[in-house]
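Inspection log for the structure reproduced underneath, given as structure tokens.
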Amino acid sequence: MTPTTASAPAKIILTGEHAVVYNEPALVMAINRRAYVTVAQTRGDSVEIRSNDLKQAEHFTLNEGPEGHSRKSSINRLQPYLVLARQISRKAGYSGGFKISIRSEIPISAGLGSSAAVGVAMSAALANSLDVKLSRDKISKIALESEKIFHGHPSGIDNLISSQGGLLVFRRNEGFLRIEGPAKLRLVIGMTNVERSTAEQVAQVAATVSEHRDVGQLLLHCIGHLTIETVGAIREGNVQAMGRLLSLNHWLVNALGVSHPTVDRLVYVSLEAGALGAKLTGAGGGGCMIALVTSETEHAVAQAIKREGATPLLAKLSKAGVQSES
Ligand code: MEV
């Protein structure tokens, strides 16, 4: 059987991370870094999952053994994907084995949705290999299963954007809307290279909201409103207003307890270097920040991020969601 490959993009959350867990809207964009997963069917019922980037390979049994994992376990970066092989095999009535290999351009535990991109690409490659026809929507739903094992109670925004691509506004209990704005967004990502756990950051917000219920709820609701205003700014092509909203979002989500001194420093230096707005992106606690720039300020902002010891990366919109590569 010929191996089959699928790929899916990383993401940046423009506004609304954490609030989206509480059913507030969030704005999210797929970017030009992808995860690639190749699947080959094998004899027997052993599932080998190999990650070139982690330099790690693990062997599982398709029909036996636990689905979940202990978060502290050294295999926790591969085992959650087993649930995808099991689900899709069940759909196809397949009981053989797989050799699955992952190659990714997306930094891990950085807030760019690497686990979701791998899960989405893997679901698509498994489905192609077994000739199971799945819509993007269905692929996203299947990939949510490994996301739950990784992150606890994810909103589903990462698997959604990775399967759909483009620029979307998403509300957990309602679904998503595609945004086609006149504003061409130019963003620099600042990678702190500080790894963190999404589940821990989500728990940190839950603790803040439970300790300061009224203030916490107001902050989350404010962030939701801010997303709606940001969508308006994009549609009007008003990048200045969008920049101000992004910075406002940073301080609001910061108040929920999830920023990090390095992220805050990168936000300050980006604004000083001329960014229109800057904020953390993703779960926070390290990971990445984003700065909205123009062609005139892009270089200065990237240099300012670099001087702080972080890695700047130019983020381009990826219209392509999950796709077959072979
Ligand atoms: C993670 O990319 C975004 C969070 O809002 C968590 C989630 O939505 O599941 C922090």
Pairs only if they're at least six apart or on different chains, beta carbon under 7 angstrom, first in the range 276-294 and surrounded by fewer than 24 Cβ atoms within 10 Å (Cβ to Cβ), second in a loop (DSSP other than H, G, I, E, B) and of a type in the set (D, E, K, R); list them, first residue then second.
-> Gly285/Arg196; Thr294/Arg186
Could you say whether any residue in the range 244-256 is outside any helix (DSSP H, G or I), buried (at least 19 other Cβ atoms within 10 Å of the Cβ) and modelled with pLDDT of 95 or more?
-> yes
Apart from one, (1) closer than 28 Å to Lys319 by Cβ; (2) out of contact with any Asp or Glu (no Cβ under 9 Å at 6 or more places or on another chain) all hold for His212; the odd one out is (1)
Could you tell me whether the range 93-109 includes any residue that is within 13 Å of the ligand (Cβ to nearest atom), in a helix (DSSP H, G or I) and under 19 Å from Arg34 (Cβ atoms)?
-> no
Residues that are under 18 Å from Leu313 (Cβ atoms) and more than 10 Å from the ligand (Cβ to nearest atom), drawn from the range 12-31 | Leu14, Met29, Ala30, Ile31
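Which one is surrounded by the most Cβ atoms within 10 Å (Cβ to Cβ), of the residues in the range 59-74 that are in a loop (DSSP other than H, G, I, E, B) and at pLDDT 75 or above? Spell out how you get there, then give the answer.
At the first step, the residues of the range 59-74 found to be in a loop (DSSP other than H, G, I, E, B) are 62-74.
Imposing the further condition that a residue be at pLDDT 75 or above reduces the set to 62-64.
Working: Leu62: 19, Asn63: 11, Glu64: 7.
Filtering first and then ranking leaves Leu62.
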Here the residues within the range 122-155 that are under 13 Å from the mean Cα position of the chain (by Cα) and either more than 16 Å from the ligand (Cβ to nearest atom) or aromatic (Phe, Trp, Tyr) (or both) are Phe150
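Test Arg186 against the stated conditions and say whether it is within 20 Å of the chain's Cα centre (by Cα), away from the ligand (no atom under 16 Å from the Cβ) and surrounded by fewer than 18 Cβ atoms within 10 Å (Cβ to Cβ).
Numbers: within 20 Å of the chain's Cα centre (by Cα): yes; away from the ligand (no atom under 16 Å from the Cβ): yes; surrounded by fewer than 18 Cβ atoms within 10 Å (Cβ to Cβ): no.
No; evaluated as a whole, the condition is false for this residue.
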Cβ pairs under 8 Å, 6+ apart or interchain, first in the range 1-22 and more than 10 Å from Val253 (Cβ to Cβ) and charged (D, E, K, R), second within 14 Å of the ligand (Cβ to nearest atom) and part of a loop (DSSP other than H, G, I, E, B), ordered by first then second residue, are Lys11/Leu112; Lys11/Gly113
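The values are calculated or read from the model by the stated rules, or taken from the named source; none is laboratory data. Predicted model, so just to flag it, every value in this text is computed and none were measured. Please note: Cβ atoms are built from the backbone with ideal geometry, for glycine as well, and neighbour counts cover all protein chains shown.
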